[in-house]
Amino acid sequence: EDQVTQSPEALRLQEGESSSLNCSYTVSGLRGLFWYRQDPGKGPEFLFTLYSAGEEKEKERLKATLTKKESFLHITAPKPEDSATYLCAVGAGTASKLTFGTGTRLQVTL
Amino acid sequence: NAGVTQTPKFRILKIGQSMTLQCTQDMNHNYMYWYRQDPGMGLKLIYYSVGAGITDKGEVPNGYNVSRSTTEDFPLRLELAAPSQTSVYFCASRDPTSGNEQYFGPGTRLTVT
């Protein structure tokens with residue numbers, strides 16, 4: 001059974017204080033490791049897909065990395081607008097069905 | 001493009017009532033999915049479809065039905081609503097020719113009382 005575990009559950013940072021979110025996973029036949037951002041009352045918004053160990057993707061203050069067992073979402077010099085829940089998911093099977101973690105709720109304060 | 005749209009945004013049902021959650025996408029994506037999201041539980045896959053006329057069960061299909069008569073639409077039917085179906089429902093779509101990422105709609109918040 002595919003499993004995704006995210007840590008920490010919640011993280012509070014001051015503006016400019018860099019940190020990392022962790023996503024550990026077990027999956028048969030990985031068809032991508034996905035990061036999404038979800039704002040309250042909204043649907044998940046796609047951020048990154050990583051396919052193989054060693055791969056890295058960047059977007060503004062966010063950088064996602066992948067190993068064979070886990071992925072990290074690094075947030076550099078965060079701003080209050082980065083406050084959201086960050087979801088990690090793994091895709092498997094021919095239809096790339098997603099298994100999600102429970103998310104990390106990030107709050108960035110001034 | 002509007003992307004993935006869902007209606008209604010909110011709905012309150014009484015136990016035993018039925019309803020259909022609508023999902024439409026204008027991106028010509030063959031693959032579509034229905035998830036439910038409960039607090040602290042993560043999103044769970046209910047049903048998915050790889051094209052018009054083809055549907056299959058996900059992780060939590062009991063109490064739900066789907067149909068896919070067109071590429072654009074993927075409605076989710078709740079028969080005999082139960083309190084356990086109180087949740088936020090998200091529809092998503094994917095173009096398998098351009099990547100494995102799924103694009104989500106804004107969700108429907110359903111309460112069954």
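Take the accessible area of B alone and of A alone, subtract that of the pair with a 1.4 Å probe, and the total buried over both chains is about 1500 Å².
What the Kirkwood sum gives for the protein assembly as shown is a hydrodynamic radius of 17.9 Å, with every pair of different alpha carbons counted. Accessible area per residue for chain B, computed on protein heavy atoms with a 1.4 Å probe, is 47 Å². Heavy-atom accessible surface of region A:3-94, averaged per residue, reaches 50 Å², computed with a 1.4 Å probe. Surface composition of the protein assembly as shown: carbon and sulfur atoms hold 48% of the protein heavy-atom accessible area at a 1.4 Å probe.
Ranking B:M41, B:M32 from most to least accessible surface, computed with a 1.4 Å probe over the protein chains only, gives B:M41, B:M32.
Each principal axis of the Cα cloud of chain B was evaluated for its coordinate range; sorted largest first, these ranges are 42, 28, 25 Å.
With bins 5 Å wide beginning at 0, the percent of Cα pairs of chain A falling in each bin runs 2, 13, 24, 25, 19, 10, 4, 2, 0.
The values are calculated or read from the model by the stated rules, or taken from the named source; none is laboratory data. Because the structure is a prediction, the values reported are computed rather than measured. Ligands, DNA and RNA are stripped out before the accessible areas are found, and what is left, the full protein with its side chains, is counted by its heavy atoms. Shrake-Rupley method; radii C 1.70, N 1.55, O 1.52, S 1.80 Å.
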